[in-house]
1. Can you work out the FRET efficiency for the pair residue 184 and residue 31, with r the C-beta to C-beta distance and R0 = 22 Å, to the nearest 0.05?
2. Given the Cα-Cα distance of residue 2 and residue 47 and 0.36 nm per residue of separation, how much length would full extension add, in nm?
3. Report, to one decimal in Å, the Kirkwood hydrodynamic radius for the stretch 99-248 based on all distinct Cα pairs.
4. Semi-axes of the equivalent ellipsoid of the stretch 123-204: what are they in whole Å, largest first, if each equals the square root of 5 times a C-alpha gyration tensor eigenvalue?
5. Which percent, to the nearest 5, of DSSP beta bridges fully inside the chain are antiparallel?
6. Compute the long axis of helix 200-218 from its Cα atoms, compare it with the longest principal axis of the Cα atoms of the chain, and write down the angle in degrees, 0 to 90, nearest 10.
7. How far is helix 164-175 tilted, in degrees, relative to the longest principal axis of the Cα atoms in the chain, given as a value from 0 to 90 rounded to the nearest 10?
8. In the stretch 161-209, if every C-alpha pair distance is counted and binned at 5 Å from zero, what percent goes to each bin?
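Bear in mind these aren't lab numbers, they're just calculated from the coordinates by the rules spelled out. Nothing here was measured: the structure is a model prediction, and the numbers come from that model. FYI the Cβ positions are ideal-geometry reconstructions off the backbone, even for glycines, and counts take in every protein chain you see.
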């Protein structure tokens, strides 16, 4: 069985919290999802053109939520109605989603030697953890030996491509690590531009919702209604992992140290 995974990330301006998401499904599912997603964008633009308003080129979670950029001038009602319609695409396509979020302050305390570039540290560790999570989920849910499944990954290119090499190096490092039990599953990882790949847009939505969930959790607020609406969908399966407390980060550090002979952190970073 051949699967694809579409990855995107989201983080706040202060680089306090970082979230990474991955949508996993079969090619036929993503063909249908892309068609439905593009139709939602097209229908929205037809509506806006009818009233003499500017169309949008694509969905961008942060801009849509803040109503800036191409979403400047939208009111809350228009934004919320549009996002709910996008949620409807997830309702029609049953995909497995993985979302991971981490407190970067806590992460840098645990790995002070790499705190000079906290985003690079996050991309490296979460790419590694994502691959492990995908393998574990396939082993738990797949019903067949994981070696029979093949997963090809695509990620939204980072700003100016700065961290694309970090993600690629970590992918290869994890895949080629001695004793990594899911190595045969993964074929490749490729950086794409979200403006050229519509399937990275729903991945952006999931990553942004994971980030906002982390922010609300950190601030002691209730879960966002939008995330509750997603999770409530029968077709929306999500594996959510959080590293926001010191004990979570220390557990992650312990696991990394256990694999240090397999994962050359200094070389990867």
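1. 0.30
2. Taking residue 2 through residue 47 to full extension adds about 12.4 nm, to one decimal.
3. Radius from the Kirkwood sum: 16.9 Å.
4. With the √(5λ) rule applied to the stretch 123-204, the semi-axes are 23, 16, 10 Å.
5. Of all bridge pairs located within the chain, approximately 45 percent are antiparallel.
6. It works out to around 70 degrees.
7. That helix lies at roughly 50 degrees to the long axis.
8. Once binned at 5 Å, the Cα pair distances of the stretch 161-209 give 5, 17, 19, 19, 20, 13, 6, 1.
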